[in-house]
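The values are calculated or read from the model by the stated rules, or taken from the named source; none is laboratory data. Keep in mind that this is a model prediction, so the values were computed, not measured. Ideal geometry is used to build each Cβ from the backbone, glycine not excepted, and the neighbour counts take in all protein chains shown.
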Amino acid sequence: MKPEGNREEEFLLTHGKSFLRQMSEGVLWISCQGRILYANRAASNFLGSKELGGMRVDELLPVGYLSEPVPIHHPDGTLCWLKGTQKVTNNEDGTLVTLREVTCEVEAIEAQGCSERARLQAARLAQLGNWEWDFKSDYLICSEEITRWFEENHDRKIPVKQAFSLIHPEDKKKVIQQLDTAINGGGLDLEFRIWRPDGELRVVRQTGEVEWSCDGDPCKAWGTIQDITDVKLAEEALALSETKFGSVVQSAQDAVILGDCNGRILSWNNGAETLFGYTEEEVIGKPFIMLLPEDLHELYQQKLDRQWSENHIVYPSCLTEIQMMRRDGSLVPVEMAYSFGGKVENWIFICIVRDISERKKTEERLRQSEKLTVVGQLAAGVAHEIRNPLTALRGFVQLQFEQGEVREIMLKELDRIECISREFLLLAKPQSIRVAEEDPYGLLTDVLTLLQSQAHLQRIMIVTEIDKPLPRIRCEANQVKQAVMNLLKNAMEAMEEGGTLHVCLQGDGEGATLTITDEGKGIAPDHLQRLGDPFFTTKEDGTGLGLMVTRQIVHHHGGILTFDSELEKGTTVTLWLPINTDFATEEEREAVQIVQ
């Protein structure tokens, strides 16, 4: 039978080894020479070898494993972190060391470090720092980002007086007032300027709160401060850009109109005011549809509803010609470019509207010119066909009737036909104008002398008003006389019941103006628009060619011919001829301007 002491030692030895093998921590018994005397199963697994006995510990574990976690690479390539703890101090039997895997703890610390680095990086990029002001010590505890505003390697604990020295002198009063407001229970949110130590002026925004002690006294304040200089510069650049854009829009001759998703007008430039007659105050917030004639209302509403119902950004710019309505109710032909832009509730439409009244007049004059060309070609053919037989007829008449009343009548009528033929040829191929300086009063007197007898027969009294002295004008005298005669004869023919025909001749530094006012029945507005058209006439036996020839003569002289008429009251014709046709502008060369 074994002694009691031996059985206890054997029990401890047997069961102690079993306990060590089952431990999750690694256990090493290391000799004084640094060799492993014993390693449990966990230690073998940690160090990647089943036979650790006799191996030197410094070959398996990095230096410092007892003071901090060290990395261990397993044969399968995995990485784990171990931290050693010395349980038994060095003695002649060796040292007992435990190994604990701390991989999770190390990774958590690293993740926290990454998060902190990311936070610091984000704060640096946003130029955002945090601060805490201890009222008792009168110091600011600042984040790293704020300390960058001071000299390098500055302590994070900064005297408030030193921090206030950075504030721009003009902003200090505002900052102090805001702080007083916060201490009295208000909020802390303001923008001010600071001077950096390198002399650079920056703009910052500060927000914060005040904290009170249990006694109800303010004890500290804390908050954030952000450098918003770049934001302010961007805002100023944007404002400048908007100002420039607004200046361009306002100075544009075209109407530029912006509207919202409900069709209300948001912006109205000077060009729009000129074109439509409304001021900006009168139209802002009003529906755009007020500028459209009633027959376009349904189409406009369809386009507006379509854009509102579709959840995408843009309609491409469209160009169209329509008529729009002025403030006085009149319609004006316009060319309108419009587009929609934006998303759902904040999209807008923009319209650029151009008055094309003059273009339309030019196009109409071009059409009339083309029509005149055709008429002229026809007239030339007819005239040539008539002149040859006329020559033969005139000869036979002279031979057949040597004298007598019949001969004179026939010759007179033949001369009249030949005169008409010459007018046709003049229409087809206008002769070159041989200009000379003429007295407009003399030209008018010659024509009035020829018409006085006819006026007397028609019970018409011609009243003249001559504004002397008159400038001499460069013109082809016979053609001007022909034009004036045509105008006077038309006026006299309109006065079927007689009356007074007013003739006024005036001059200025640029030319001479002849005004003829009759007391006839007047001309309807729709007929006024067509005066001068080939073959258009208001007389039963007229051809419409006389006024057309007159208009052509005025055109070649660089003059202007206008008509103004009122039914049952009469018509006023105004003829203006320049002193020198070389100075006539293209606008003045318009064949005829109709004034209603």
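Take the residues in the range 303-328 that are exposed (fewer than 12 other Cβ atoms within 10 Å of the Cβ) and modelled with pLDDT of 80 or more; name whichever of them is nearest to Ser339 (Cα to Cα).
Thr320
Being part of a strand (DSSP E or B) and over 16 Å from Cys142 (Cβ atoms) is the filter here; which residues of the range 189-204 pass it?
Once the filter is applied, which keeps residues that are part of a strand (DSSP E or B) and over 16 Å from Cys142 (Cβ atoms), the range 189-204 yields Asp189, Leu190, Glu191, Phe192, Arg193, Trp195, Leu201, Val203.
Looking at the range 56-82 only, could you name the residues that are on the phi > 0 side of the Ramachandran plot and loosely packed, with under 10 Cβ neighbours inside 10 Å?
Gly77
Please state which of the following conditions Gln33 fails to meet, knowing it meets all the rest: (1) in contact (Cβ under 8 Å) with a residue 12 or more places away in the chain; (2) assigned to a loop (DSSP other than H, G, I, E, B).
The failed condition is (1).
Just one of Asp93, Asp171, Asp134, Asp189 is among the charged types (D, E, K, R), modelled with pLDDT under 80 and surrounded by 11 or more Cβ atoms within 10 Å (Cβ to Cβ); which is it?
When all the criteria are applied, what remains is Asp93.
Please tell me if Gly77 is part of a loop (DSSP other than H, G, I, E, B) and over 60 Å from the mean Cα position of the chain (by Cα).
yes
Only one of Gln452, Gln506 is touching a strand residue (DSSP E or B) at 6+ places or on another chain (Cβ under 9 Å), outside the structural domain of Leu366 (by TED's automatic domain parsing) and free of Cβ contacts under 8 Å to residues at least 12 places away in the same chain; which?
Matching residue, one of Gln452, Gln506: Gln452.
Going through the range 255-302 one residue at a time, which ones are of a type in the set (Lys, Arg) and closer than 17 Å to Ile352 by Cα?
Arg264
Would you confirm whether any residue within the range 463-480 is part of a strand (DSSP E or B), over 14 Å from His557 (Cα atoms) and either hydrophobic (A, V, I, L, M, F, W, C) or under 55 Å from the mean Cα position of the chain (by Cα) (or both)?
Taking every residue of the range 463-480 in turn, at least one turns out to be part of a strand (DSSP E or B), over 14 Å from His557 (Cα atoms) and either hydrophobic (A, V, I, L, M, F, W, C) or under 55 Å from the mean Cα position of the chain (by Cα) (or both).
Take the range 54-72 and flag every residue that is touching a residue at least 12 places away in the same chain (Cβ under 8 Å) and either not in a loop (DSSP other than H, G, I, E, B) or not assigned by TED's automatic domain parsing to the domain that holds Ala39 (or both).
Listed by number, the residues that qualify are Arg56, Val57, Asp58, Val70, Ile72.
Name the residues in the range 280-302 that are in contact with a strand residue (DSSP E or B) (Cβ under 8 Å, 6 or more places away or on another chain), part of a helix (DSSP H, G or I) and either under 21 Å from Gln250 (Cα atoms) or at pLDDT below 90 (or both), would you?
Glu280, Val283, Phe288, Leu291, Leu296
Can you name every residue in the range 97-121 that is touching a Ser or Thr at 6+ places or on another chain (Cβ under 9 Å) and modelled with pLDDT of 80 or more?
Val97, Thr98, Leu99, Arg100, Glu101
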